[in-house]
Structure formats: structure tokens, C-alpha cells
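Visitor: Here it is, the structure in full.
The values are calculated or read from the model by the stated rules, or taken from the named source; none is laboratory data. All values reported here derive from a predicted model rather than from experimental measurement. Virtual Cβ from ideal backbone geometry, glycine too; neighbours counted across all protein chains shown. Note: accessible area is taken over every heavy atom of the protein model, side chains too, but ligands, DNA and RNA are not part of it. Shrake-Rupley method; radii C 1.70, N 1.55, O 1.52, S 1.80 Å.
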Amino acid sequence: MKVQADLQRSLETSRQTSWSVFGRRIRFYTPTFAPYHSADTALPSSTFPSISVTGRYCALDCPHCRSKLLNTMIPISSPEELISLSYNLRKEGSLGFLLSGGCLEDGSVPIDHFLDAIEEIKRELQLTVFVHTGLVDPKTARKMRRSGVDGALIDVIGSDEAVREVYNLKGITVQDYARSLDALHHSGVPVIPHVLLGLHYGRIDGEYQALDMISRYSPSALVIIVLRPIRGTPMEAVSPPSPREVAQFIVVARLTLRQTPLILGCIRPLGRHKAETDRLAVLAGVNGVVFPSAEALRTAKGLGLEASFSGYCCAHAFLDARPIS
């Protein structure tokens, strides 16, 4: 079929572009906020957990999540609790943690109150600390830089309708995400944007606009995630974008951001969808895959890639996937 042939040519172009910059290497990430088992890797039980500064609370009540993703995180409520937890994690052999949480009504995650604690944690424990910010202003971005955080993760939305109808944010537009990217970029914090394919009830609606916006700010890495319908949410019966649609986005992202590490992130559908998505992503030359399927491992081996495993959050890719020239 012509469509299949066109996709294969696109995947090969994307893959060769990636290999010319980063070499024939791939890293598989298995942070421990979710179980993962493979004959190819054995990692400690607490290598890189996720921590929620809002516990199980999120003000947005988004129909694709309904705060259920917060259930995978360790809940805390104070900077003192974060410091105490960090010492315990260090004793258990953790590499670091992702500080995240639910959003407030303005789309921000209330991390500002914890940044002094992060400065102490970085100074005393030398843990790697990534922060999932939500919308952020220049003052908070500068304070993040002073605290020593290793990177800022931010979900970028390119559709005003998705912002309004899925995130339930009133008075917020895609320009607020552009302003957040600008604030983080100018602060000097490494920025790792995330694009969620299918956020708007399974439709591709604004994701390419988000990619265009991200491309203006020299991101340290880009993480692509895919709508995973969650039981008990209004989107549990929504069909996510197909593996082919995901692959097509990956190809465009690779050719747009040639020097940027590209990661297939932890959120994506399971089962046969995941197996095919992973296969196509590896064929497209992604630099990393989180919680890889057996198909991802087989495809990497079939391509003769130098593969390795990491217990870090995939945001670490900007340190792992260095251009070879």
C-alpha cells in the first residue's frame, strides 16, 4: 500500500536523522512510580519516585484524569516533610525524584513553597530533582533556577478549546503556555516540555501547534505522551490516537527538533496499542522509551542499537542523549 510505504519512508528518514545526530543508541527508562519487570533489567525499588505537593487534590477535575494519576505519587504537605522523605529516599538508594502535584485553578502547580527545601536537598543530598510545573511565571522560574532543580517538566497545549474543555481553565489560552515556556527558557532552567497526543477527547487538536510553540524555545528534551483512557473517568471509552498517528507526530517532531532528545513517555495506552506504538517509535529513532514493551526491546535489537536501561525519570534524557558531533 502507498500509505504504508510512505510511512516506512518517513520512519527511515526520521531514524537516519536521529542516528546522524545521536548515534545508534537508545535508552529505556524505568522510574519506580509504577511497576516494571523485564529480564533485561534489575533496579532498586525506589530509584526515582514521583511526589505530589497537593496529595490527591487537583482543582481542575479534568475528564481524562480526575486526579487518578496522583494516586501513583507519594503525597506530602510541607517542605519539612519533603526534606525528611528525601533523606529516607537517599538511604534507600534513590537517584532523585520528580516533584509534581495537582493544579490550582490558575493552571499552576504550587511548588514555590517547596523551592527552599529543594535547595537544601540539592546541597545536602545531591539528589537529582525534576519539577513538574504547570503554568509558571518569571519570578517562580528564577527561583527554581536558584534552588538548583535539574529540570522543569511542563505540559504544553496548543488548542484553546482543549485548555477550556479538558483542563477546565477559565481565562487561560495557549499564549499562557507560551509565556510559561518563555519564563523557563529565560531563567536558564533546562526545560523538558511534554505533549499529550489526543488530549481533546482523542482528537489530534493543537498538538502540532504546541510543537511549533516549543520549537521556538530550544527545549532540552521533548517527551511525547498519548492519551490513556482511565477507568472511572469521562474519557474511559474514548479512542486514543492510533499508533500510526503517534508515529507521524514523532517523525515531524524529530525533523523539527533535530538536535533535541526525543522520548516516548510513560503515559500511553497499554496492550496491543503500546506494542505497536513502541515499535514504530523505535523505528522513528526516538532516543528513549519509558517502560518499554517487549516489542520495543525486540525492535531495538533488530536495528542493532546500543541499548541501556536507566532508573531515572525520562527527563534525564537531555543528559543521556548527547549529540555525537
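Visitor: Suppose we filter segment 280-311 for residues that are touching a helix residue (DSSP H, G or I) at 6+ places or on another chain (Cβ under 8 Å), of a type outside the set (Gly, Ala, Ser) and crowded, with 21+ Cβ neighbours inside 10 Å; how many remain?
Guide: 9
Visitor: Name the single residue that is nearest to His132 (Cα to Cα) among those in segment 273-325 being assigned to a helix (DSSP H, G or I) and of a type in the set (Lys, Arg). Break it down stepwise before answering.
Guide: Initially, segment 273-325 is screened for residues assigned to a helix (DSSP H, G or I), giving 273-283, 294-302, 314-320.
Checking the rest, the ones that are also of a type in the set (Lys, Arg) come to 274, 279, 298, 301.
Values: Lys274: 24, Arg279: 28, Arg298: 32, Lys301: 33 Å.
Looking at the filtered set, the residue picked out is Lys274.
Visitor: Report yes if Leu303 is out of contact with any strand residue (DSSP E or B) (no Cβ under 6 Å at 6 or more places or on another chain), within 21 Å of Leu255 (Cβ to Cβ) and either among the small types (Gly, Ala, Ser) or at pLDDT 95 or above (or both), otherwise no.
Guide: It is true that Leu303 is out of contact with any strand residue (DSSP E or B) (no Cβ under 6 Å at 6 or more places or on another chain), within 21 Å of Leu255 (Cβ to Cβ) and either among the small types (Gly, Ala, Ser) or at pLDDT 95 or above (or both).
Visitor: Restricting attention to segment 228-256, and to residues there that are part of a loop (DSSP other than H, G, I, E, B) and open to solvent by less than 10 Å² (accessible area, probe 1.4 Å), which single residue is modelled with the highest pLDDT?
Guide: If we filter segment 228-256 for residues that are part of a loop (DSSP other than H, G, I, E, B), which is where we start, we get 228-242.
After this cut, where a residue has to be open to solvent by less than 10 Å² (accessible area, probe 1.4 Å) as well, the list is 233, 235, 241.
Numbers: Thr233: 94, Met235: 94, Pro241: 97.
Here the residue is Pro241.
Visitor: Report, by residue number, each residue of segment 142-191 that is open to solvent by less than 60 Å² (accessible area, probe 1.4 Å), closer than 30 Å to Glu236 by Cβ and assigned to a loop (DSSP other than H, G, I, E, B).
Guide: Answer for segment 142-191, where residues must be open to solvent by less than 60 Å² (accessible area, probe 1.4 Å), closer than 30 Å to Glu236 by Cβ and assigned to a loop (DSSP other than H, G, I, E, B): Val156, Ile157, Gly158, Ser159, Val166, Tyr167, Leu169, Ile172, Thr173.
Visitor: Which members of segment 192-220 meet the condition of being closer than 17 Å to Cys313 by Cβ and either touching a residue at least 60 places away in the same chain (Cβ under 8 Å) or open to solvent by 10 Å² or more (accessible area, probe 1.4 Å) (or both)?
Guide: Scanning segment 192-220 gives Ile192, His194, Leu196, Pro219, Ser220.
The rows are residues; the columns are (1) of a type outside the set (D, E, K, R); (2) over 17 Å from Ile26 (Cβ atoms); (3) touching a helix residue (DSSP H, G or I) at 6+ places or on another chain (Cβ under 8 Å).
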{"position": "Ile224", "(1), (2), (3)": "yes, no, yes"}
{"position": "Leu227", "(1), (2), (3)": "yes, yes, no"}
{"position": "Met235", "(1), (2), (3)": "yes, yes, no"}
{"position": "Cys266", "(1), (2), (3)": "yes, no, yes"}
{"position": "Arg272", "(1), (2), (3)": "no, yes, no"}
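Visitor: Can you confirm whether Ile267 is closer than 18 Å to Cys314 by Cα and either open to solvent by less than 60 Å² (accessible area, probe 1.4 Å) or among the aliphatic types (A, V, I, L, M) (or both)?
Guide: On the way: closer than 18 Å to Cys314 by Cα: yes; either open to solvent by less than 60 Å² (accessible area, probe 1.4 Å) or among the aliphatic types (A, V, I, L, M) (or both): yes.
Answer is yes for this residue.
Visitor: I would also like to ask the following. Search segment 244-262 for residues that are among the charged types (D, E, K, R) and pair each with any residue that is surrounded by 23 or more Cβ atoms within 10 Å (Cβ to Cβ) and part of a helix (DSSP H, G or I) when their beta-carbon atoms are under 6 Å apart and the residues are at least 6 apart or on different chains.
Guide: Correct list of pairs: Arg254/Ser14; Arg254/Ser18.
Visitor: Continuing with this model, one more query. Does Val131 fit the bill of being open to solvent by less than 10 Å² (accessible area, probe 1.4 Å) and farther than 17 Å from Cys313 by Cα?
Guide: When the stated conditions are applied, Val131 does not pass them.
Visitor: Among the candidates Ser67, Ser52, single out the residue that is at pLDDT 95 or above and either open to solvent by less than 20 Å² (accessible area, probe 1.4 Å) or more than 23 Å from Leu319 (Cβ to Cβ) (or both). I'd like the intermediate steps shown before the answer.
Guide: Values: Ser67 fails: at pLDDT 95 or above.
Ser52 is the lone residue from the list that is at pLDDT 95 or above and either open to solvent by less than 20 Å² (accessible area, probe 1.4 Å) or more than 23 Å from Leu319 (Cβ to Cβ) (or both).
Visitor: Please state which of the following conditions Asp278 fails to meet, knowing it meets all the rest: (1) touching a strand residue (DSSP E or B) at 6+ places or on another chain (Cβ under 9 Å); (2) without any contact (Cβ under 8 Å) to a residue 12 or more places away in the chain; (3) among the acidic types (Asp, Glu).
Guide: Checking Asp278 against (1) touching a strand residue (DSSP E or B) at 6+ places or on another chain (Cβ under 9 Å); (2) without any contact (Cβ under 8 Å) to a residue 12 or more places away in the chain; (3) among the acidic types (Asp, Glu), the one that fails is (2).
Visitor: Additional query: Which of the following residues is without any contact (Cβ under 8 Å) to a residue 60 or more places away in the chain and touching a strand residue (DSSP E or B) at 6+ places or on another chain (Cβ under 9 Å): Val149, Val223?
Guide: Val149
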